[in-house]
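Undergrad: Handing you this structure, nothing more for now.
The values are calculated or read from the model by the stated rules, or taken from the named source; none is laboratory data. Note that the coordinates shown come from a computational prediction; the quantities given were computed from them, not determined experimentally. Neighbour counts run over all protein chains shown; Cβ positions are idealised from the backbone, glycine included.
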Amino acid sequence: MPAHESNGVQLTAIERARIAYEMMMARQRDVANARRSRERSRTVRLAVVLGGAFAILVGTAIYNGWLPTSLRSSVLSFRADDGKFVETRTGQIRSFIKGNTCQELQFNNDRGVYVGGKYVPCQVETKREVAPPAPKGARVNSIRDAFSGR
């Protein structure tokens with residue numbers, strides 16, 4: 001007995017096969033889309049977890065001072081007076097109070113706390129003398145003379 005569509009039209013075997021094929025292809029597309037969606041979400045979750053773990057590892061290394069010396073900031077080691085900072089890891093912070101009085105605090109970078117402080121006279125930085133201006137064209141002449149061998 002031939003199959004009927006809802007409006008009463010009879011379908012041929014070829015039409016029924018085409019409709020079945022189209023439905024099968026739609027199901028396969030839906031399954032493939034669902035699989036790709038699962039793979040994308042798994043990849044995103046993996047990237048977030050690995051990125052978070054890396055950030056925690058780097059943060060812990062920085063907090064505990066486990067980084068190699070080559071990666072540490074060279075600014076802190078060069079700011080120390082007489083190289084004391086490298087040995088003690090204690091820095092000095094000086095702030096103006098009033099008049100000629102400053103408060104000098106010592107901060108221990110290993111423990112992250114202030115370890116001492118005292119009031120000291122402020123040392124005003126003296127101005128450096130500026131070299132007198134060179135005669136006009138002296139620099140150009142010195143460069144020229146360097147090339148000419150004079």
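Undergrad: Among the listed residues 77, 70, which satisfies the condition of being part of a helix (DSSP H, G or I), touching a helix residue (DSSP H, G or I) at 6+ places or on another chain (Cβ under 9 Å) and either at pLDDT 95 or above or of a type outside the set (Asp, Glu) (or both)?
TA: Checking each option against the conditions leaves just 77.
Undergrad: Let me ask something else about it. Spot the failing condition for residue 49; the list is (1) of a type outside the set (Asp, Glu); (2) closer than 30 Å to residue 105 by Cα; (3) at pLDDT 70 or above, and only one is missed.
TA: Unmet condition: (2).
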